[in-house]
1. Sort through A95, A83, A9 and tell me the only one that's in contact with a helix residue (DSSP H, G or I) (Cβ under 6 Å, 6 or more places away or on another chain) and modelled with pLDDT under 90.
2. Determine whether L26 is more than 14 Å from the chain's Cα centre (by Cα) and over 17 Å from V69 (Cα atoms).
3. If we scan region 3-11, do we find a residue that is under 14 Å from V75 (Cα atoms) and either of a type in the set (S, T, Y) or open to solvent by 90 Å² or more (accessible area, probe 1.4 Å) (or both)?
Amino acid sequence: ALAYLEKTACTSQSGEQLAQLKEQLLEYELTKGEILQILNLRPKSVVELHLLVEDCTERFLVEEIEQLVSIILEVLPSDGDEAVQHQDEANQSDAMDVDN
């Protein structure tokens, strides 16, 4: 299981980010399982969030669902940010090898 998680986006999340997101999600009365799914899978759209939250349209207004997605995108880094960060780290490593 650990090998799988090392290849997912959750490896770039800090404990502080997770705590901040969890605190902000509490007001939406999500289940513990739904919060865990959101933390692990980081939905980036309303459609993705609907897949994780049971009876989403029955429990939340459209505006609330959009707010949830906005909060997730604001608090957690996106995959694109990670790709840029990993590329920057690789470039720095290559530059240090050239200097030596």
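1. Step by step, each of A95, A83, A9 is checked, and only A9 is in contact with a helix residue (DSSP H, G or I) (Cβ under 6 Å, 6 or more places away or on another chain) and modelled with pLDDT under 90.
2. No; evaluated as a whole, the condition is false for this residue.
3. Checked against the condition, which is being under 14 Å from V75 (Cα atoms) and either of a type in the set (S, T, Y) or open to solvent by 90 Å² or more (accessible area, probe 1.4 Å) (or both), region 3-11 yields no hits at all.
The values are calculated or read from the model by the stated rules, or taken from the named source; none is laboratory data. Predicted model only: the values in this text are computed from it and were never measured. Note that we place each Cβ from the backbone using ideal geometry, even for glycine, and neighbour counts take in every protein chain shown. When the accessible area is computed, the model is the full protein with side chains, heavy atoms only, and any ligands, DNA or RNA have been set aside. Shrake-Rupley method; radii C 1.70, N 1.55, O 1.52, S 1.80 Å.
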